[in-house]
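**Q** The structure follows.
Since every read-out is calculated from the coordinates, none of them should be taken as a lab result. Small disclaimer: the values here were computed from a predicted structure and weren't measured. Using ideal geometry, Cβ is built from the backbone for each residue, glycine included, and neighbour counts are taken over all protein chains shown.
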């Protein structure tokens, strides 16, 4: 989910960026069973390794025959037990089996592991940075990684199924429902009971953006359904969280191959950002590298060749617990900033490319409301309407600081909330998100991954076989 660039954010030229990266993805060791080295009872042996055959030579022939017969019966019984062993749980299509059932040992797949390249720079953290660093590292335990890897695996399985549905004629409402129902089923939290959505589920409303809409559009209750056409460019952006640890990832699909260079440009730019990301990496260098790659591509539309432009007014961002947008931004154009990435940071590295001349976005309230998020620092003393107070309690109990949509509100039973919501927005207690759009006739693509900056490596947690 892109972070809208704040008003007055400075952007200007700076020096070039140069950083290399190496990938280390060791093959996991095979289990003993997989390698054929599993030690167990051999045929004709008891559980303790003793033979079932004749042990006491002093017994009579009849006793030996009886014992032999009993041994055979026991062996047949044990073989029958082996046949009745429980088979591993398999995922369904569409994916609706909780991911914890598919991975009962909680060994969720790793993301792409990338080693850091050592640099000769003599970098010192300030006192505040060191304090943040120590606090973040203390939280990066086994549960932390398991939560992120579980959320990432849910994202992979749901999006790979969603990709099979994206064809001309599919409705955006159906696509959003399939994605969100899949996420809730796989996380095991249906978000119908109070507080359930805060345990695990959607990290923010599903973004389904067509053509010149860059970000922040989702189907709303009662609105006219939108149907995908052959010449549309569709960007799909959704997040999955487990215990507030959010995996944010996005991809773009175009049925018409004429848009392939646009998609290739944005995918290459995102991969450049991921390659440049790392501990102590300068954000201005990353931004410049992204723009250079993005704008090296061209696309031919209607007989004209146009350059792909890096989009302004929206950025990549760091992710905090239960907060999709942190306090750091990664623009796609050259910028002036002293910010660096730090050990323990979690970043959504995303890029948007446009076929318009400027790649400048603006809010379009006429396209509907995407969603809302709670401003936890806002003063609530000015609320007078009882409907606003009741709605705020519902928001705090079910979403906290996670973004939500009207569909999510109605799922937890909220009704007649429009006046209360208007009061919350006007008082600055809730932020309202409008779709971000480029000029009509332009086309925008987006690709995004979440990366964890671990002490000894970075883990592109949402990486999959698809992108």
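**Q** Which residues in region 398-417 have a backbone N closer than 17 Å to a point placed 7 Å from the Cα of residue 390 along the Cα-to-Cβ line?
**A** Taking a point 7 Å out along Cα→Cβ of residue 390, the residues of region 398-417 whose backbone N falls under 17 Å are 398, 409-417.
**Q** Okay, next question. Quick one: grab the alpha carbon gyration tensor of region 217-286, order the square roots of its eigenvalues as a ≥ b ≥ c, and give me rounded if a/c is under 1.5, else prolate or oblate depending on whether a/b is larger than b/c.
**A** It comes out oblate by the Cα gyration axes.
**Q** For region 217-294 and region 302-324, what is the separation of their C-alpha centers, rounded to whole Å?
**A** 7 Å
**Q** Please report the orientation-averaged projected area of region 274-330, defined via the convex hull of its C-alpha atoms, in nm².
**A** 5.4 nm²
**Q** What ranking, highest mean first, results for peptides 146-154, 196-204 when packing means the other Cβ atoms within 10 Å averaged over each residue?
**A** Top to bottom by mean Cβ count within 10 Å: 146-154, 196-204.
**Q** I would also like to ask the following. Among 181-194, 101-114, how do they line up by average Cβ neighbours within 10 Å per residue, starting with the highest?
**A** Most protected by this proxy first, the peptides run 181-194, 101-114.
**Q** Taking the beta-carbon count within 10 Å as an exposure proxy, list 272, 337 from fewest neighbours to most.
**A** With the sparsest Cβ surroundings first, the list reads 337, 272.
**Q** Rounded if a/c is under 1.5, else prolate if a/b beats b/c, else oblate: with a ≥ b ≥ c from the C-alpha gyration tensor eigenvalues square-rooted, which is region 371-433?
**A** It comes out oblate by the Cα gyration axes.
**Q** If packing is taken as the mean number of other Cβ atoms within 10 Å per residue, what is the order of 417-425, 377-385, highest first?
**A** Going from most to least packed, we get 417-425, 377-385.
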